[in-house]
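The values are calculated or read from the model by the stated rules, or taken from the named source; none is laboratory data. None of the values given here were measured: they were computed from a predicted structure. With ideal geometry, Cβ positions are generated from the backbone for all residues, glycine too; neighbour counts draw on all protein chains shown. Areas reflect the complete protein model, heavy atoms only, side chains present, ligands, DNA and RNA absent. Shrake-Rupley method; radii C 1.70, N 1.55, O 1.52, S 1.80 Å.
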Amino acid sequence: MGPTARSSELQGWFAPTTARSIKTTRARSVPHCYEFKGAEATRPQNAAFLPSARSPPCGESASPQGQSMKAKVFPTGGMIMKKLTNIHGVSRRQQQRPVMKFLKLVSSVVVLGIGLTLMGCGDGSDDGMARAQNTGTDFVAPTVFQAAGPDIASIQNTIEQYRIALKGNNNGNDGPHSDGRREINWDGGGVDTTTAPVTPFNTFLNTRGARFTTTGTGLSQAPPSGGPQGGLATLFNNPTYGTIFSTFSPKRLFTPVDSNVTEAHFFVPGSNGTVAAKVSGFGAVFTDVDLPDGSGPGNKNGNRQSSTRIECFGTDGGLIFSSFVPASPGDGSLSFFGIVFTDARIARVRITSGDASPGPNDDGTHDIVMMDDFLYGEPQPVQPTP
């Protein structure tokens, strides 16, 4: 049967359709009629085209409610065929089913990706971006201080600027105070002993208002090597640790054991951990941060993430700031990262130091990082005294 004969036959089936449309349709098989039964008969998309809850007898015309057009019923999952451009698709439905299932899966993935993008980015407006970042439209970003290099001089000036930004004096073990800052350098007056891992680490809880915890065995202060206990080299049974790390303030570094995560919680100095506090800023020194955030030249090394980051949380437990710590190539390098808000709002800080717990060699598959000095704003009570 030629194209003209097929068009004549189709005209008899679809009288309401224009002859021009029929002539451009190349149906390759006769479509079959379909009657709605059971749940299909109650679907709104089916009932919209029928005067009752079921289709007319097979092959008869049906008048859509409220419309003058007519249509035939075909096996398209409950849809009414009212365009000749759909005839070809109906006749090939069984052949196309595997392809359609694949396309449906692809479209679902695309829609999901778009949804996740919108959730991450907001609606593009200031309000939308603020909601996405869990902040209000009046949110003021903190001032950021960061530096990295092969030696102390590389970061010294940035740390001095950070101390000024925290305002006031270094309050040491005195307090509480209404302004100023606290510093912890882990040195114990220049001793070189290695402390046993412990969590929570409360050495500076009452004097400087800071408690430190880890998901691992505990937190320890140790020189890179030497001293009565052998320092980090002995603590982690890895002799290379005695040479690949350097200190900002001699002689000891600070590290979690069996973890690479350290958390700082703040309290009013002198309260011995009974009065929760918040601080305006937090900064830390790191040694041997090798992995930077981003990608290699021309994506040569693929997308990669920095091994070390600082996350700050508010009094409600929500994340209010997060950033990676800058890296510097070579062993023994030093990095500093710190932020300052205009008011005290940081109740907790999470530090991820390196991409693996200390123990393995610092090589192409592990970036082992140690911590040195911590600096933070004077802890202020979460609930001010009346």
If you check every pair at least six apart or on different chains, which have Cβ atoms under 8 Å apart with a residue in segment 151-169 that is more than 14 Å from Tyr376 (Cβ to Cβ) and open to solvent by 50 Å² or more (accessible area, probe 1.4 Å) first and a residue that is hydrophobic (A, V, I, L, M, F, W, C) and not in a loop (DSSP other than H, G, I, E, B) second? Asp151/Leu334; Ile152/Leu334; Asn157/Ala147; Gln161/Phe145
Considering segment 272-287 alone, what residues qualify as being of a type outside the set (A, V, I, L, M) and closer than 15 Å to Ser178 by Cβ? Lys278, Ser280
If you go through Gly168, Gly190, Gly242, the only one that is assigned to a loop (DSSP other than H, G, I, E, B), among the small types (Gly, Ala, Ser) and either farther than 20 Å from Ile346 by Cα or in contact with a helix residue (DSSP H, G or I) (Cβ under 8 Å, 6 or more places away or on another chain) (or both) is Gly190
Being among the hydrophobic types (A, V, I, L, M, F, W, C), surrounded by fewer than 18 Cβ atoms within 10 Å (Cβ to Cβ), within 23 Å of Ile320 (Cβ to Cβ) and touching a residue at least 40 places away in the same chain (Cβ under 8 Å) is true for just one of Val261, Val285, Val279. Which residue is that? Val261
Somewhere in segment 215-227, is a residue farther than 21 Å from Ile184 by Cβ, open to solvent by 20 Å² or more (accessible area, probe 1.4 Å), out of contact with any Pro (no Cβ under 6 Å at 6 or more places or on another chain) and assigned to a helix (DSSP H, G or I)? no
For Tyr241, all conditions in the list (1) surrounded by fewer than 19 Cβ atoms within 10 Å (Cβ to Cβ); (2) at pLDDT 95 or above hold save one; what is the number of the exception? (1)
Within segment 352-382, track down each residue that is assigned to a strand (DSSP E or B) and either at pLDDT below 95 or not hydroxyl-bearing (Ser, Thr, Tyr) (or both). Asp363, His366, Met370, Met371, Asp372, Asp373, Phe374, Leu375, Gly377, Gln380, Pro381
All but one of (1) part of a loop (DSSP other than H, G, I, E, B); (2) closer than 17 Å to Glu263 by Cβ; (3) open to solvent by 10 Å² or more (accessible area, probe 1.4 Å) hold for Ser323, so report the exception by its number. (1)
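Can we say Pro379 is open to solvent by 10 Å² or more (accessible area, probe 1.4 Å) and in contact (Cβ under 8 Å) with a residue 24 or more places away in the chain?
no
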Complete set of residues in segment 170-189 that are open to solvent by 30 Å² or more (accessible area, probe 1.4 Å) and farther than 30 Å from Pro224 by Cβ: Asp174, Gly175, Pro176, His177, Ser178, Asp179
Quick count over segment 251-297, residues being more than 22 Å from Pro360 (Cα to Cα) and basic (Lys, Arg), is 2
I need a count of the residues in segment 245-282 that are farther than 21 Å from Ser307 by Cα and assigned to a strand (DSSP E or B). 8
